[in-house]
Amino acid sequence: MERIALVTGGTRGLGLAIAEALREAGCRVAATYHHDEAGARRMAQETGIAVYRWDVADAAASRDGVARVGAELGPVDILVNNAGITADAMFHKMSEEQWWRVMHTNLGSMFNVTRQVIEGMRERRFGRIVNISSVNGRKGQAGQCNYAAAKAGILGFTKALALENAARSVTVNAVAPGYCDTAMVAEVRPELLQAIVAAIPVGRLGAPADIGRMVAFLAGKDAGFITGATFDVNGGQYLA
């Protein structure tokens, strides 16, 4: 049976690796994006993955977007809440705009998108929800109070939603990636990046495919007895 998977922020970076892993697992995949129209269209042509543009920080846009996915592909069986942004600053210099922009996108989207699929999953008695947190949501990071707070909030959301829906065969788990070889990490200053890699016991950045494989497993039939859990995929940088 072909499952319909929706990956927010799924046209680049970790989201793209997740979308491709789900496609390879036999899912029909939809990926959302917000800004890079040309990049998203190019990705769709290269991969065959359907792309949809909306801002996951916007509740009405998320409602309409998920409805479009449902009408064109079918009801969403697998949701990966991956979309996220950064707006780094030391807290004593952080603006309200920086705080709320990150909170609305990274944490508010958990409600905006998941609320649109959860009732259908419960009715069909099947669902897989995987929420992408971060190593910095686990351990904190100077200059990222907004990001760390949002990513830590995802973990509480995951546990509570898992308890509410386990009896309906809807599992909810989180993945907390460490530093991976993505465009976002590539923007880090070379000397800081060198220090980051030195702090990773396996001695390298993660590959986006490392995260994709973890998510694909949690979205599959063999993960039906796993719910409410957080999986650290960080090369040993942080051990819970």
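Structural remarks
- Residue within the range 187-206 that is in contact (Cβ under 8 Å) with a residue 40 or more places away in the chain and surrounded by fewer than 19 Cβ atoms within 10 Å (Cβ to Cβ) present: no
- Residues located in the range 206-218, provided they are touching a helix residue (DSSP H, G or I) at 6+ places or on another chain (Cβ under 7 Å) and either under 20 Å from Lys151 (Cα atoms) or among the β-branched types (Val, Ile, Thr) (or both): Pro208, Ile211, Gly212, Val215
- Cβ separations smaller than 8 Å between residues 6+ apart or across chains give the following pairs from the range 65-87 residues that are assigned to a loop (DSSP other than H, G, I, E, B) to residues that are modelled with pLDDT under 95 and surrounded by fewer than 23 Cβ atoms within 10 Å (Cβ to Cβ): Thr86/Met184.
- Close contacts from the range 97-119, counting a first residue that is more than 17 Å from Thr158 (Cα to Cα) and a second that is in a helix (DSSP H, G or I) and aromatic (Phe, Trp, Tyr), with Cβ to Cβ under 8 Å and a gap of 6+ residues or different chains, come to Val102/Tyr147.
- A Cβ distance below 6 Å, combined with a sequence gap of six or more or placement on separate chains, defines the contacts here; from the range 215-234, residues that are touching a residue at least 60 places away in the same chain (Cβ under 8 Å) and among the acidic types (Asp, Glu) reach residues that are in a strand (DSSP E or B) and surrounded by 16 or more Cβ atoms within 10 Å (Cβ to Cβ) in the pairs Asp232/Ala176.
- If you go through the range 49-64 and keep only what is buried (at least 16 other Cβ atoms within 10 Å of the Cβ) and part of a helix (DSSP H, G or I), you end up with Ala59, Ala61, Ser62.
- Of the candidates Gly74, Gly70, Gly65, the single residue that is at pLDDT 95 or above, of a type outside the set (Asp, Glu) and in contact with a Ser or Thr (Cβ under 7 Å, 6 or more places away or on another chain) is Gly65.
- Matching residues in the range 185-226 - criterion: being under 19 Å from Leu79 (Cα atoms) and under 16 Å from the mean Cα position of the chain (by Cα): Pro208, Ala209, Asp210, Ile211, Gly212, Arg213, Met214, Val215, Ala216, Phe217, Leu218, Ala219
- Residue within the range 134-144 that is in a helix (DSSP H, G or I) and either surrounded by fewer than 21 Cβ atoms within 10 Å (Cβ to Cβ) or among the β-branched types (Val, Ile, Thr) (or both) present: yes
The values are calculated or read from the model by the stated rules, or taken from the named source; none is laboratory data. Everything numeric here is computed off the predicted structure, so don't read it as measured data. Cβ sites come from the backbone with ideal geometry, for glycine too, and all protein chains shown count toward neighbours.
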